[in-house]
Amino acid sequence: MTTHIDLAIIVAKTAILALGGSITYYAVRAYGRTGDPSLRALGLGFGIVTVGALVGGVSHQIIGADLAVGIAIDSLLTAVGFGVIVYSLYVE
């Protein structure tokens, strides 16, 4: 049975997937046009954050893992993705 919190998680993760996927797509597309390595790193960073949200949500909603496991996966990949995004700001 889907509770209100489960529904909120599904809606939020769907929005993150759509918006994060869009950012990733446009960053990689810009990299293809310009060849700028910082845009490649930016796209990779946002891609990691987006995949983290997806995997965290899937682990809880579909696989049935504990909510804390989903949050841990999401948080770990978000931290890695943000690290790559910070790196992208310093690449020349």
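The values are calculated or read from the model by the stated rules, or taken from the named source; none is laboratory data. A quick note: this is a predicted structure, and the numbers were derived from the prediction, not measured. Glycine gets a Cβ as well: all are built from the backbone with ideal geometry, and neighbour counts include every protein chain shown. Side chains are part of the model used for accessible areas, which takes the heavy atoms of the whole protein and leaves out ligands, DNA and RNA. Shrake-Rupley method; radii C 1.70, N 1.55, O 1.52, S 1.80 Å.
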Under 13 Å from the Cβ of Thr50, count the other residues' Cβ atoms, weight Lys and Arg +1, Asp and Glu -1, and hand me the total. 0
Using the heavy atoms of the protein chains alone and a 1.4 angstrom probe, what is the accessible area of the chain per residue in square angstrom? 64
Highest to lowest packing among 79-90, 37-48, scored as the average C-beta count within 10 Å: 37-48, 79-90
Counting only other residues whose beta carbon sits under 15 Å from that of Leu67, what net charge do I get with K and R as +1, D and E as -1? -2
Sorted from largest down, what three extents in whole angstroms do the Cα atoms of the chain have along their principal axes? 49, 20, 17
If you rank Asp66, Asp74, Asp36 by how much accessible surface each has, with a 1.4 Å probe, what is the order from largest down? Asp66, Asp36, Asp74
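Rounded to a whole number, what is D in µm²/s for the stretch 20-66 from Stokes-Einstein with the Kirkwood radius over alpha-carbon pairs (10 °C, 1.306 mPa s)?
Working: Rh = 11.4 Å.
Stokes-Einstein gives a translational diffusion coefficient of 140 µm²/s.
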